[in-house]
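Have a look at the structure below before the remarks.
The values are calculated or read from the model by the stated rules, or taken from the named source; none is laboratory data. Computed from a predicted model, the values in this text were never measured in an experiment. Cβ atoms come from the backbone with ideal geometry, glycine included; neighbour counts cover every protein chain shown. Quick note on the areas: whole protein, heavy atoms, side chains included, nothing else; ligands and nucleic acids left out. Shrake-Rupley method; radii C 1.70, N 1.55, O 1.52, S 1.80 Å.
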Amino acid sequence: MYRPMNTLTIMSDYKTETDENLMRQIGSGDRRAFDEIYARYNRPLFSFFMKMLAKDREKCEDFLQDLFMVLIEKPHYFDLSRKFKPWVYSIAHNMIKNEYKKMEVRKVLDKNADAGQVKVNGHNPETRTQEKIFSERLDLALAQLDVDKRTAFLMKYRDGFAIQEIAEIQETKEGTIKSRLFYVKKYLSEELAEFKLNA
Amino acid sequence: MENFDKYYDSFERRSELKKNSEEMENLISQLGDLDQYEVLESRINESMSEEFAPSDSVKAKLDEAFEQKHSDNFTKRSGIISLQAFQKSSPYKLMATAASMTIILFLSVQMGFNNFHGEEEGAAFFADSISTNAVVDSGQVQIDSAFIHWQ
């Protein structure tokens, strides 16, 4: 049933409401609806930013805050006939693209990268577990990719988006997304070849 | 990235491909040993699934912004001017508002008094003898029904 955005409706159970209905309620000033949307998406979106922004926690928290401020200040930007999740990720994707244009992330990673000897957050390489080492090498490898390939890969294999949804977010064709995803598979297969031998 | 979209499709249905088929050979040429690649991909997916949580301060700031946003909307819709907004207005606006209200109040009271033309009605209205019947010319004050006649 269509309900205009400025109509406040009392919801009995926010946890079972769809994202789209919650957004409608947010537009009407329903605080609990906002709390529920935040509870659902704060970790996935924050993790997305962390993966894309070299785990710079402070920057990622700023990004997360800015993103949710869009929901507060401009809920009417969301087309109620669309799905919420791809829409909110398209905002995140565009924020990342703009940040990458500033090239700051790449400069930091290029500065810190040393073949096989990555020091992250002050940890001594020798004391890190194999999983940590693998994770850091993966992050470094992904950081060398352009933002579209990288975000497509994260959205598909981390956030569970369908090809069609990623194509919508990145405003391109499905065939292009498939090409990007396979490119990343091939690239990682080569970059992380040593870990294949150890698997 | 020529044909990479086709390789993607081949990879997705690799379990259906015959071992020595051209499609399978193409996949292996791109990714290497597929069994080894699948184990690698499993590790990649596991690593990427790591989740991070923002600090509570983010939510606190958003809560404050939400309250501010919808508090502003309520006062605007109701025509209420918040004290803070009023205080922020320029002195001239403040003075103009005060002056307007004073004039309106004055005129209201003046008009109200002017309705009581003739000192008799005025006197009857303000008389301390409201507790007793008083006849003023053709007017009369009645206690029980508490209304005033005048002509």
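A few notes on this one:
- Under the combined filter of DSSP loop state and at most 16 neighbouring Cβ atoms within 10 Å, the range B:1-77 retains these trypsin sites (Lys or Arg not before Pro): B:Arg13, B:Lys18, B:Lys19.
- Using a Förster distance of 45 Å, the FRET efficiency for B:Glu67-B:Glu25 (Cβ separation, nearest 0.05): 0.10
- Of A:Lys74/B:Lys69; A:Lys156/B:Lys6; A:Lys156/A:Lys185; A:Lys102/A:Lys156, those spanning more than 19 Å from alpha-carbon to alpha-carbon: A:Lys102/A:Lys156
- In this assembly, the A-B interface accounts for approximately 4400 Å² of buried accessible surface in total, computed with a 1.4 Å probe and without ligands, DNA or RNA.
- Within 10 Å of the Cβ of each residue in B:7-15, the mean number of Cβ atoms contributed by other protein chains is 3.
- Counting Cβ atoms of other protein chains within 10 Å of each residue's Cβ and taking the mean over peptide A:180-193 gives 5.
- Take each residue in A:137-147, count the other chain C-beta atoms within 10 Å of its C-beta, and the mean is 1.
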